[in-house]
Amino acid sequence: MATIVNTTEEEPMLAVVRSTAQLAWADAGPEVADPEVARLCAEAQQHLLAGRWLDMATLMLASADLLLLSPSAPDKGQPAPPLSVSVSVRSFLNCAALLCAAADLECILTVICNLVTKAGSEDEALEIAKLICAKLTHQPPADKPTLRIKVLFSLYNLLPSLSGKAMVYRKALEVAAAAAGKAAADCVVPTFKNIDAFVAYWGIGKPEQRELFLAVTRILKDHKGMTKDYFKFLNKYLATFDGSADDADAIGAAKEEAAAAIVEFVKSSDLYQCDLLDMPAVAQLEKDDKYQPVYELLKIFLTQRLESYLAFQTANSTLLQGYGLVHEECITKMRLMSLLDLSGHCSGEIPYSAITKALEINDDEVEYWIVKAISSKILDCKVDQLNQLVIVSRHTVRVFGMPQWQSLRSKLGVWRGNIANAINTIQANKVTEDGGQGMQGLMIR
């Protein structure tokens, strides 16, 4: 954010109006310009004395239009400062000075943003913030997006209202998404790690969360090196639909994102477990003519083996190519998925013959795929080469839904019972041992 140095005793807001008015009327000549500048300054003076901050914001934003559209106010492309969850924000604005002919747009917008701190109520501050956001988001997408995001983040930190903060943050994401450039995205991406803290701090509901997560996915979609985060926020977005009557009208709009989440899961070489099948937003694809094959592909990867995938690929090769899925990569992942399925259905030991059949490989390839599964951290096991067995101690479960939670609960109950029995046995033996030592002492006496 621009550093503002006090070089004049004129009120900063009046200086903004005067400077921008002079620039706006510079080509009209002094006979026309001077009266107009004086009129605008007089109007601003009246708003200032009467404490009409919303009217002042309207006037100042109208004056700033010239600079927003001016190529002489460059987009500096510097990262925006991180947002703070704290309610108290140190004011970066004491007094302003303004401006020479070069016109520092960031400085002007900083002065305008500071109006929210002068408002008589949170509602008035929110209305001022809405005016500023509307002005900054309704510019051409490629017109100074980095600067506009920086100004919005400063506005965020100045606002007292939590709902206002949430609204301003979403507007910053809107600017970044529309700009479709790396510099704009780089301003907001570092804040995504704090999204959960922001949501809890703002106290926003499901519809607002849904809008927020969707905005994040649109920024991350084409951002290199952010595939995992893209999938994570797709999941967060889809999880906001719980299948209730309240979601009936909105859930249909999530089909494209549901299909995108499935494709990202299938593509990823790091993801072997997901809960997509349990989400109503994904389940709706099963009955959708366009996306039903994509849903079927997800079911194959999460519940079936390589044989089913190969049959699907034969019938849907064009569809897979359309989604950018590479057949060889899908086979590699499906073999590992099939190995996990074997691990879940065995009693701790998998014969080599079962692996060669499920993965459709030769006997001498078994250990290669075992090592590949171990290096992917989805399987812990020992190989008994003599008996041609793989002894599994841990494996990743492809789907961890309600049945898996119930199974885990049952296992924990059994373990708890075994531990209780062991404790009782130890205590009983201790009592017997202590009693025997007491009797022995009596006999010696």
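Each reported figure results from applying straightforward, stated rules to the coordinates on display, with no laboratory input. Note that the coordinates shown come from a computational prediction; the quantities given were computed from them, not determined experimentally. Here the Cβ is made from the backbone with ideal geometry for all residues, glycine too, and neighbour counts use every protein chain on show.
If the chain linking Gln46 and Ser375 were pulled fully straight, counting 0.36 nm for each residue of separation and taking away their Cα-Cα distance, it would gain 111.3 nm.
Separation of region 305-368 and region 164-227, taken as the distance between their Cα centroids, equals 37 angstrom. When 1/r is averaged over all different Cα pairs and the result inverted, which Kirkwood radius in Å belongs to region 18-65? Radius from the Kirkwood sum: 10.9 Å.
Each of Ile355, Phe400, Ser338 was scored by the projection of its Cα onto the charge dipole of region 336-409, and the greatest displacement toward the positive side belongs to Phe400; charges sit on the C-beta of Lys, Arg, Asp and Glu. If you plug the beta carbon distance of His223 and Arg394 into 1/(1 + (r/R0)^6) with R0 = 41 Å, you get a FRET efficiency near 0.75. Separation of the alpha carbons by more than 29 angstrom is noted, of Lys193/Lys382; Lys357/Lys377; Lys232/Lys287, for Lys193/Lys382. How much net charge surrounds Ile204 when only the other residues with a Cβ under 15 Å from the Cβ of Ile204 are counted, with Lys and Arg +1 and Asp and Glu -1? Neighbourhood net charge equals +3. Label sites at Ser244 and Ala315, each approximated as a point 7 angstrom past Cα along Cα to Cβ, lie 3.8 nm apart. Put simply, the amide H of Cys381, placed in the peptide plane, has neighbours under 5 Å in Ser393, leaving out anything fewer than 5 places away on its chain. Computed from label points 7 Å out along Cα-Cβ, the spacing between Arg39 and Leu162 is 4.6 nm. Stretching Val414 away from Ala197 to a fully extended chain increases their span by 74.4 nm, per 0.36 nm per residue minus the current alpha-carbon distance. Spin-label pair Glu349-Asn362: with each label point 7 Å from Cα along the Cα-Cβ axis, the two points sit 2.8 nm from one another. If I take R0 = 45 Å and measure r between the Cβ atoms of Glu11 and Glu256 in this structure, what FRET efficiency does the formula 1/(1 + (r/R0)^6) give, to the nearest 0.05? Calculated value: 0.35.
On the principal axes of its alpha-carbon atoms, region 336-409 has extents of 38, 21, 19 Å, going from largest to smallest. Given R0 = 51 Å, the distance between the Cβ atoms of Asp275 and Val32 translates into a calculated FRET efficiency of 0.15.
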